[in-house]
Amino acid sequence: MSDQKLRVGLFVTCLVDLMRPSIGFSALKLLESAGCDVTVPTSQTCCGQPAYNSGDRAAAQSLARKVVAEFRDCEYVVVPSGSCSGMIRAHYAELLAEFPADRPEVERLSARTYELTDFLVNVAKLDRVPGRFAGNCTYHDSCSGLREMGVKKQPRALLGQVPGLTLNEMATPEYCCGFGGTFAVKYGEISARIADRKCEDIASTGADAVVLGDLGCMLNIEGRLKRRGDRTKVYHVAEVLAGMTDE
Amino acid sequence: MSARDNIFARIRAARAAAPNVDDAERAVIEGRIALHAVGTRPSMEWALVPRFREQCVRMSSTVDDVGSMADVPRAIARFLTGMNLPMRAVAWPEIARLDWNGTGVVVEGRAARGDDLVGITGVHLAVAETGTLMLLSGPATPAATSLLPETHIAVVPQGRIVKAMEEAWAQTRQERSELPRAVNFVSGPSRTADIEGQLQLGAHGPYRVHVVVVAE
Amino acid sequence: MGASSGARTMNAPAEGFKARAHDKLNDAKVQRAMRNFNLAGARARGIADLDNFEDIRTAAAAIRDRSLASLDLWLARFEQEATRRGTKVHWAETHADINRIVIEIARQTGVKKIIKSKSMVSEESHLNDALEAEGFKVVETDLGEYIVQLAGEKPSHIIAPAIHKTRDDVADLFAEHHKTPRKSDIGELTMEARKFLREHFLSGEMGISGGNFIIAETGSLLLVTNEGNGRMTTTLPRVHVAITGIEKVLPTLEDASCILRLLTRSATGQSISNYVTVNTGPKQPGDLDGPEEMHVIIVDAGRTKLLGTDMQEALRCIRCGACMNHCPVYQNIGGHAYGWVYPGPIGSVLTPNYIGIENAVDLPNAATLCNQCGVVCPVKIPLPDLMRKLREKQVDRGLRPWQERLGLKLWAWTAQRPGIYAFATKLAARLGRSIGGADRTIHRLPGNGWTEGRDMPAPKGKTFRELYAERKRS
C-alpha cells in the first residue's frame with residue numbers, strides 16, 4: 001500500500017444513525033485502523049431503499065440523487081450494510097434511468113461503493129483488526145450483502161483475525177431472516193415465523209452470539225430472539241471487529 | 001376476427017411489428033431451425049458405454065451385459081428367474097423373433113395389455129449422459145410395451161448409445177424423414193414422491209427397468 | 001378470465017391473503033406436511049453435477065427470450081407443422097374459451113370419461129368444474145393431483161400438488177373414497193393409488209394433458225413426467241387434448257434438450273425426469289396404440305398483456321417450482337395462501353398480471369426481496385425486480401393504503417431536508433429510549449406489525465449524527 005491514504009466517505013445509513021450509532025463508530029475505527037482518511041458527510045440521511053421497495057419511485061429517486069451529490073468528492077464510499085450498499089451499487093442505475101444526464105455520476109458512484117467488510121478485505125487490505133472477543137459466534141449472511149454485493153468470505157476472513165473468537169457455522173446461514181424492510185411491519189406474522197427458523201438455526205450452533213452485517217436483519221433477529229426468551233447476543237460484524245460490543 | 005387472429009394481432013402489436021408477417025421474417029426463423037444449434041452444455045468427458053451404465057444405475061435401472069443378440073434370451077431368462085418374476089412376456093416383434101427355445105420364457109409379439117407383467121423392447125437409441133432409453137412408436141414398436149407392464153426390459157445394442165439428447169435428435173433426423181407419433185425417453189422406473197416427499201418406485205408405469213447392453 | 005379494466009373485483013381469489021396466511025401458519029398439519037419436503041436440497045445436489053450451471057442458465061434464458069421475441073412466428077410454425085402431422089390446433093383467448101373448446105371436443109367425440117395428467121393452465125380455467133357441470137367424469141391421475149381432487153381442494157404447489165398433505169390425510173382420503181381398509185404406509189398407499197388409477201387409465205376415453213413445451217420445428221408437444229401418467233394419458237385414450245400457454249413454444253428440439261437439463265434439476269434435482277415424451281400427431285397407419293385424435297389448445301388468457309412490457313421476463317418461466325421451493329414466505333405459508341393457481345414468487349408476479357393488479361394487491365408485497373428465487377431461477381427471471389415494479393404500479397394507481405402513502409411521502413420529504421431530519425431523528429431517538437425503559441426494549445408499538453411477533457431493540461437515546469458532532473467538538 002502506498003503512503004497515499006484512501007479517502008473514504010462513510011455512509012452511516014439512516015438505521016444506524018437512529019438505532020445503533022456504535023456500528024457507525026465501529027466502522028469509523030476500522031477504516032481508520034486500515035489507514036483510511038474518513039469523512040462523514042453531515043447532510044446524509046437515507047439511500048432511498050424503503051421508498052424504492054415500497055414502490056414510491058419518485059421519493060426514492062429524490063433521495064438517490066441526494067446521495068449521488070453528497071458523495072461526489074469521495075474516492076470510495078463505504079457502508080456498514082449490505083443492503084444500503086447494494087441499493088447504491090445494484091439499483092441506482094435502474095432507479096435513475098429517467099435522468100440520463102446523471103448517468104456518468106451514478107455509474108461512478110456505483111463502481112466505488114463498497115460494503116464495509118468487502119472494502120476492508122479487498123481494498124484497504126486490513127490485516128490486523130483491533131477487536132477481541134471471548135466466545136463462540138455464528139454468522140448470518142444478510143441477503144443483499146450476499147446476493148448483491150458478494151459478501152460471504154470477507155466477514156469470515158476478518159472474524160478469523162479476532163483473538164478469542166471461534167466461528168460455528170449454522171446450517172443455513174444464507175437463509176433469509178424474514179426482515180425484508182417494510183415487509184417485517186406489513187406482514188409481521190409471516191416475518192416473525194421466518195425469523196423463527198433463523199433463531200432455531202442459531203440456537204442449534206450453541207453460539208454465544210450471532211454476528212451479521214446489516215442492522216435491519218439485526219433488529220429482526222434480536223427482536224425475535226428476545227421475544228422467544230433466547231439470550232443469545234446479536235452483534236454487527238463491525239462492532240465485533242472493532243472491539244466495541246459493549247457500547 | 002377469430003381467436004387466432006386476435007392473439008396473433010396482439011402479439012404483433014406487442015412486438016411493434018407490422019400486422020402482416022413478411023417472408024424475410026419467416027426466413028430468419030427457418031434459418032434458425034435449420035441450424036439446429038446445440039446450446040451450452042456441461043463438459044461431457046466420459047466414455048459412452050461406462051457412462052450409460054453408470055447413469056442407468058443412478059436412475060434405478062439395473063444393467064446386464066451380453067456379447068451378442070443371440071445371448072439376449074438366456075440373459076433375460078436369468079434375470080426373470082433371479083428376480084422371481086413371471087416367465088412370460090409381451091415384446092416387440094424384433095425381440096419375439098429371437099430364439100427363446102429352451103429358456104423357459106414365453107414371449108408374445110403383440111400389443112401390451114393392462115395385465116401384462118413383463119414387457120421387452122429394443123430401443124431406437126440410448127443416451128449416455130442420463131442413462132436414458134429412446135423409444136419411437138410405430139407398428140412394430142408400440143409405446144405401451146414399455147409402459148403398462150410392471151417390469152420393462154430393454155435391449156440396447158452398444159452401437160446405438162449416443163452422447164446426449166442433442167446427438168439423439170441429430171441421428172434420428174439422419175435416419176428418418178420425420179418423427180413418429182411418440183418419442184419416449186425413459187430413464188429408470190416410474191416414480192413418485194407426492195406423499196410426504198418420500199420416493200416410491202412404480203407409480204403408474206413399470207416398477208423396474210432392466211437394461212441389457214449388447215456388445216455387438 | 002379475470003378483468004383487468006381497473007375495477008377491483010369483490011372476493012377476487014387472490015384477496016384475503018393475510019387471513020389465509022394466518023390460517024396456514026396456525027395449521028399444525030400443514031406446517032408439519034410442508035417440512036416433509038426438501039426440494040431445495042434436492043436441487044442443490046442436482047445442479048452440482050453440471051460444471052457450468054451458470055453458463056447453461058444464461059443459454060436457457062437466451063433461448064426463452066428468442067422464443068418470446070418472435071413469438072407469433074414460432075407459434076405459426078408450430079401450427080403449420082402440427083396441422084401437417086394431423087394435430088388439430090385450437091386457440092383460446094380466454095379461460096372460458098379453453099373450457100368451451102374442451103367441452104366441444106368431448107361432445108363431438110362422444111366421450112364420457114376423461115383422465116387428466118397435470119395441467120396448471122386447466123387450473124386457471126377451472127376446467128374440471130366446467131366438465132363435471134356438463135356431466136363428464138374427470139379423474140386426475142398425477143398422484144398429488146388425485147389426492148387433491150379427492151380432498152376437493154386445489155394444488156398448493158405446481159409440481160408437488162399435495163405438498164400440504166400428510167400421509168395420514170392421504171390414508172383417510174383413500175379409505176373413504178376407495179372404501180378399502182385404511183393403510184398408513186406410503187408404499188402401500190402409492191400401490192393402492194396405482195391399482196385404482198390403472199382402471200381409470202384403461203377406461204378413459206379422453207386424455208387431457210398440459211404441455212411443458214411445444215416445438216415449432218416439428219409441431220410436437222413435449223411432456224415431462226415421473227409417474228408415467230403423462231404417457232398413459234397420451235397413449236391409451238382415443239382422444240388426447242393438450243392445453244398449454246402461448247409462451248411455451250420453443251424453436252427446436254435442441255433448445256428443448258438444453259432447457260431440460262435445468263428444468264428437472266431445478267424442480268426435483270433429477271438429471272432428467274423418468275419420462276420425457278414428445279408427441280407429434282395422432283396414431284399413424286399400422287400403429288397398435290396411440291390416440292385417434294390429437295388436439296392442442298394454445299392459450300392466451302392474459303399472457304399477451306405481458307409481452308413487450310417490463311413484465312415480459314416472467315413469460316420465460318418453465319414451471320420448475322424452484323422459486324417457491326426456496327422462498328422463505330412460501331415455505332412457511334404454503335401455496336393455498338396465495339389464492340390463485342401459481343404460488344410463490346412466480347405467482348406473486350403472474351397472478352396480478354393475469355387477473356389484474358387490483359385483485360392481488362398483497363402478493364407482490366408479501367416478499368422479503370431476499371432474491372433467493374432470482375438466484376435459483378433456471379431462466380434468470382428477475383423476480384424481486386418484477387415484484388418491485390408491480391409495487392410501483394400499485395403506487396401509481398393509488399392501490400396502496402393512504403396511511404402508507406402519506407407516511408412514505410412525509411418521511412421522504414423529511415429525509416430531503418437534513419436539518420429537519422436531524423431534529424426529527426434526535427427526538428425519535430430520545431422517545432425510543434424512554435419507551436424502551438430499563439431493558440432498552442420496546443415490547444409493543446400499537447398498530448405496528450413488528451411487535452406482534454418481535455420485540456424492538458430501543459434506540460440508545462442519541463443519534464450517530466449527534467455523537468459524531470460531539471466527538472468532533474471535543
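For this structure, a couple of remarks:
- Residue order for C:PHE201, C:PHE196, C:PHE53, fewest other beta carbons within 10 angstrom first, comes to C:PHE196, C:PHE53, C:PHE201.
- Principal-axis tilt of helix B:3-14 within chain B, Cα atoms, nearest 10 degrees: 60
- Cα-Cα P(r), segment A:58-132, percent of pairs per 5 Å interval: 3, 16, 26, 23, 14, 8, 5, 3, 2, 0
- Cross-link pairs A:LYS153/C:LYS409; C:LYS113/C:LYS183; A:LYS152/C:LYS389; B:LYS163/C:LYS283 - those with Cα-Cα distance over 32 Å: A:LYS153/C:LYS409
- Under-5 Å amide H pairs with B:ALA182, H placed in peptide plane, nonlocal only: B:SER137, C:THR280
- The mean sequence distance of close C-alpha pairs (under 8 Å, at least 6 residues apart), as a share of the length of chain A, puts its relative contact order at 21 percent.
- Helix C:53-69 and the longest principal axis of the C-alpha atoms of chain C enclose an angle of approximately 70°.
- Using the Cβ-Cβ distance between C:GLU466 and C:ILE435 with R0 set to 25 Å, the FRET efficiency works out to roughly 0.85.
- A Gaussian network model of chain B, with springs between Cα atoms under 10 Å, assigns the largest mean-square fluctuation among B:ALA164, B:ALA13, B:ALA70 to B:ALA13.
- Across peptide C:287-300, the average count of Cβ atoms from other chains found within 10 Å of a residue's Cβ is 4.
- Most to least packed among A:149-155, C:19-25, C:364-370 [average Cβ atoms within 10 Å]: C:364-370, A:149-155, C:19-25
- Separation in nanometres of the label points that stand 7 Å from Cα toward Cβ, at B:GLU25 and C:ILE420: 5.3
- The alpha-carbon positions of segment A:1-134 define a convex hull whose volume is 112 Å³ per residue.
- Hull-based mean projected area of segment A:115-235, where the convex hull spans the alpha carbons, in square nanometres: 7.1
- Helix-derived mean residue ellipticity, 222 nm - over chain C, DSSP H n ≥ 4, -39500 (n - 2.57), to 500: -14500 deg cm²/dmol
- Under-5 Å amide H pairs with C:HIS90, H placed in peptide plane, nonlocal only: C:VAL296, C:ILE297, C:ILE298
- For segment B:134-140, 3J(HN,Hα) computed residue by residue from phi via the Karplus equation (6.51, -1.76, 1.60; θ = phi - 60°) reads 10, 10, 10, 6, x, x, 9 Hz, glycine and proline entered as x.
- Label point 7 Å beyond Cα of B:GLU94 along Cβ direction - residues of segment B:44-81 with amide nitrogen under 16 Å: B:68-73
- Pair-distance distribution P(r) for chain B, from all Cα-Cα distances in 10 Å bins starting at 0: 8, 28, 29, 16, 12, 6, 2, 0 percent.
- Residues of segment C:279-307 with amide N under 19 Å of a point placed 7 Å along Cα→Cβ from B:MET1: C:298-307
- Cα gyration tensor shape of segment C:402-473, rounded if a/c is under 1.5, else prolate or oblate by comparing a/b with b/c: oblate
- Rounded to whole Hz, the Karplus (6.51, -1.76, 1.60) HN-Hα couplings of segment C:226-242, x for glycine and proline: 10, 7, x, 5, x, 5, 4, 5, 9, 10, 8, x, 7, 10, 10, 10, 9
- Across chain A, Cα-Cα pairs more than 28 Å apart make up 30 percent of the total.
- Here the relative contact order of segment A:145-247, from alpha carbon pairs under 8 Å that lie six or more residues apart, stands at 25 percent.
- Applying the Karplus relation 6.51 cos²θ - 1.76 cosθ + 1.60 with θ = phi - 60° to segment B:77-85 yields 3J(HN,Hα) values of 4, 4, 4, 5, 5, x, 8, 6, 9 Hz, where x marks Gly and Pro.
- FRET efficiency for C:SER474 and C:ALA69, using Cβ-Cβ distance with R0 set to 51 Å, rounded to 0.05: 0.20
- By the Cβ rule of 4.7 Å, chain C holds the following cysteines without a possible disulfide partner: C:CYS258, C:CYS317, C:CYS320, C:CYS327, C:CYS377.
- Pairwise label distance in nanometres, B:ALA70 with C:LYS29, each label 7 Å out on the Cα-Cβ vector: 6.4
- Separation between Cα centres of segment B:99-134 and segment C:124-177, rounded to whole Å: 34
- A Förster radius of 25 Å, combined with the Cβ-Cβ distance separating B:ALA37 from C:LYS88, puts the computed FRET efficiency at roughly 0.25.
- Averaged over C:369-378, number of beta-carbon atoms from partner chains that fall within 10 Å: 4
- Here the residues C:ASP172, C:ASP455, A:ASP56, ranked from fewest to most Cβ neighbours within 10 Å of their Cβ, fall in the order C:ASP172, C:ASP455, A:ASP56.
- The protein assembly as shown - convex hull of alpha carbons, volume per residue in Å³: 184
- Contact order relative to length of chain B, as percent, for alpha carbon pairs under 8 angstrom and 6 or more apart: 23
- Contour minus Cα-Cα distance for B:GLN174 and B:ARG110 (0.36 nm per residue): 20.2 nm
- Average beta-carbon neighbours from other chains, 10 Å sphere, peptide A:47-53: 4
- Neighbour counts of other Cβ atoms within 10 Å put C:HIS177, C:HIS200 in the fewest-to-most order C:HIS177, C:HIS200.
- Within a Gaussian network of chain B (alpha carbon springs, distance under 10 Å), most fluctuating of B:ARG181, B:ARG113, B:ARG26: B:ARG26
No lab work stands behind these numbers, since they all come straight from the coordinates. This one's a predicted model, so the numbers in the text were calculated from it and none came from an experiment. When we count neighbours, we look across all protein chains shown, and the Cβ atoms used for this are built from the backbone with ideal geometry, even at glycine.
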